[in-house]
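Report on one structure; see the data block that follows.
The values are calculated or read from the model by the stated rules, or taken from the named source; none is laboratory data. Predicted, not measured: the structure shown is a model, and the values here were computed from it. All Cβ positions, even for glycine, are placed from backbone atoms using ideal geometry, and neighbour counts span all protein chains on display. Note: accessible area is taken over every heavy atom of the protein model, side chains too, but ligands, DNA and RNA are not part of it. Shrake-Rupley method; radii C 1.70, N 1.55, O 1.52, S 1.80 Å.
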Amino acid sequence: MTLESRHRRFLAEINVIPLVDVVLVLLVIFMVTAPMLYRGMDIKLPTSATNSIKPEMRTVLTIEKDQRLYLDKDPVGVAQLEQKLKLLKRDNPDVSLYLRADRDVPYGVVVQVMDGVKKAGIEKIGMVTEPIGPERVGASQIPRLPPRKS
């Protein structure tokens, strides 16, 4: 026996398998019961004839590469744009306008369209752009002009 007791070593490792089993069971229990813990109060809301919160109307004005204009999905001419926007503003004073213009559209055309929007009285205007992708973050976004010769 003395020979056998010399070769016997104590195992100093912790068996984590039962611990992992218990943690997974607790995780499942919490995942099932957590949505049930928060529950709103059951009340009956009063009704009213007027709604104090009005949804914001959003309209998209698109300028294509060939300078065609679209108000939402309807084609519109430059001459008709101001009149249609005035009607839109009259129907909904809090209208928001989003301007989508192709990057190859001349700057003067975009300024002319924005001038028509301002003349129609629409104050909330936003410019829609593409987000910069991760591959273009390090690249310069503004093209450099060659130096002028004096």
By residue number, the members of segment 60-86 that are within 18 Å of V111 (Cα to Cα) and touching a Ser or Thr at 6+ places or on another chain (Cβ under 9 Å) are R68, L69, Y70, L71, L85
For R9, work out the one condition from (1) modelled with pLDDT of 70 or more; (2) assigned to a helix (DSSP H, G or I) it doesn't fulfil. (2)
Among the residues of segment 56-86, the number that are open to solvent by 30 Å² or more (accessible area, probe 1.4 Å), under 20 Å from R103 (Cα atoms), touching a residue at least 12 places away in the same chain (Cβ under 8 Å) and part of a strand (DSSP E or B) is 1
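Quick check on my filter: what residues within segment 87-113 are assigned to a helix (DSSP H, G or I) and charged (D, E, K, R)?
K89, R90, D91
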